[in-house]
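Here, each number is a calculation from the coordinates, and none is a lab measurement. Note that the structure is a prediction, hence the values are computed from the model and not measured. Here Cβ is always computed from backbone atoms with ideal geometry, including for glycine, and neighbour counts include all displayed protein chains.
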Amino acid sequence: MRDSYVFYKDRLNDRFLSVFEKIELFILSCDMDKVTVESKLSELLDTFISAQEDGRTPETLVGEDVKAFCRMFISECSWKYRLLNLLDNIRWVFWVILCSSIIIDILPLVYEAKGISELGGMLLALKTPYLIVGICLTGFVATIINAVTRALVFKTKRTLIKSLSFVSTVVYFVCIFLFFDLTESFFPAEFDIPLWTVLVCGILYLTVYYITNRKRLKLYRSHKTDLFSAVSIEVDSEYDSFTMKRYIKEKNKALKRNKAELTFETFLNNEEKRCIQNYKLYTFFKIAPYIIVILSILNDLAVGNYDSYLQLSLSSMILLIIQLLVFKGMWKLIKTSNDIMMSWIREKRNNM
Amino acid sequence: MRDPQLLKGILEGCVLAIISKGETYGYRIITQLEQNGFDRMLEGTLYPVLTRLEKRQSIVCRIGKSPLGPMRKYYSITENGLIELEQFKNDFARITRSAMNVLEDEDEG
């Protein structure tokens, strides 16, 4: 999945791109939440592209001092956005804890893998206090790294900007790794928080988080363009060239087989029919996961391949989730390919 | 314009006046301001103004697809914004009259 502004950055020429990348790295290092960052950079990129179309230079928009522009640009973004960023990060930590505990506790019921449960439970119990301290430390480390990045970004050449971003990320993860590597020396094994406490806190936190942030997250989801949908919006020259070559190949094939000449209009009609047929596959992709799971349950019941109904239910549930994800992914690929082709056909028909 | 404080005071009102004419977006506001003599005023000053106006609910923002690619924020004025604009026009006219009186007196003196 890619953010929308990232997908359109390559529409800037070198001069505008150089300035935009510095501003982007500065804003990304400002500890703001993702929604605000996406919104600001998207708006700025649109302004840059518009100015470029008008034949302007980036200096006429941001002035000579890009640093001052950046400071002014985010001047209204107060501590509130930094707090939102912290809350967003804590959300992911709790998701990891919840998913880990589900895997550790439910998997052994499905499979004869008790060893995983014992080991995993021990690890989770030991590491829970470390995670809490870890959140504070990683937040502190990230703040330091971001402050250094902001100070360096305007003193760095354009070719080194991406390296600066990469180095910041590496330093961040090295600090995290060192922390977890050294914690055993500093935290006694008796220092433990019961798992149920962490789970209850996690569920409570996530519930409150999603209820209070639903509008903000809805806005983010509504304008976050993933790669598949973004590609289907417009057909680029590479796709056009590829499809035209395919038309010429099929035309030559028809000639070699002494068939009627394949006109361009016929080719477009054939492709359109194929796309329409593919769209009808949606029903199949929607019900296939359920059919597979039902057949699997019937098979297990028939051969007695289960210890208890609970185990059978849990394994079926996991199988269903996996099948839904796989079929959804496959359908998305087919639909995107279809959308691109239909877009190309429409474009060609408009130009004829 | 050399005095940023002077600019800050009147920029919000001018931006509201532009937005009151119809839904618009950031770059168009910039070009309209420049056409009216606010040259080289940008340096990032417009975006904080828009953020402040949005926080005060003087304007509302709609996210739409730009014909150039990325998402674009379209701004339109609210009822509060219209009231604020009227107040700004009255205050600005009053202050301008007073300032001109003082400056003309100084010239004559």
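A simple spin-label model places pseudo-atoms 7 Å from Cα toward Cβ; at A:LEU310 and A:PHE173 they are separated by 3.9 nm.
Based on other C-beta atoms within 10 Å, arrange A:ASP46, A:ASP14 from fewest to most.
With the sparsest Cβ surroundings first, the list reads A:ASP14, A:ASP46.
Say the cut-off is 18 Å between C-alpha atoms; which of A:LYS34/B:LYS8; A:LYS9/A:LYS348; A:LYS9/A:LYS328; B:LYS55/B:LYS89; A:LYS9/A:LYS332; A:LYS67/A:LYS155 go over it? Could the numbers behind the result be given before it?
Working: A:LYS34/B:LYS8 29 Å; A:LYS9/A:LYS348 27 Å; A:LYS9/A:LYS328 29 Å; B:LYS55/B:LYS89 21 Å; A:LYS9/A:LYS332 25 Å; A:LYS67/A:LYS155 10 Å.
Long pairs (Cα-Cα over 18 Å): A:LYS34/B:LYS8; A:LYS9/A:LYS348; A:LYS9/A:LYS328; B:LYS55/B:LYS89; A:LYS9/A:LYS332.
Cβ under 13 Å from A:GLY139's Cβ, A:GLY139 left aside: what net charge do those residues give with Lys, Arg +1 and Asp, Glu -1?
Result for the local shell: -1.
If we count other beta carbons within 10 Å of each Cβ, what is the order of A:LYS22, A:LYS286, A:LYS256, A:LYS67, fewest first?
Ranking A:LYS22, A:LYS286, A:LYS256, A:LYS67 by Cβ neighbours within 10 Å, fewest first, gives A:LYS256, A:LYS286, A:LYS67, A:LYS22.
If R0 is 45 Å, the Cβ-Cβ spacing of A:ILE334 and B:ILE83 corresponds to a FRET efficiency of close to 0.25.
Could you line up A:TYR205, A:TYR210, A:TYR247, A:TYR5 from fewest to most neighbouring Cβ atoms inside 10 Å? Intermediate values should be presented prior to the final figure.
Details: A:TYR205 15, A:TYR210 11, A:TYR247 18, A:TYR5 24.
In increasing order of surrounding Cβ atoms, one gets A:TYR210, A:TYR205, A:TYR247, A:TYR5.
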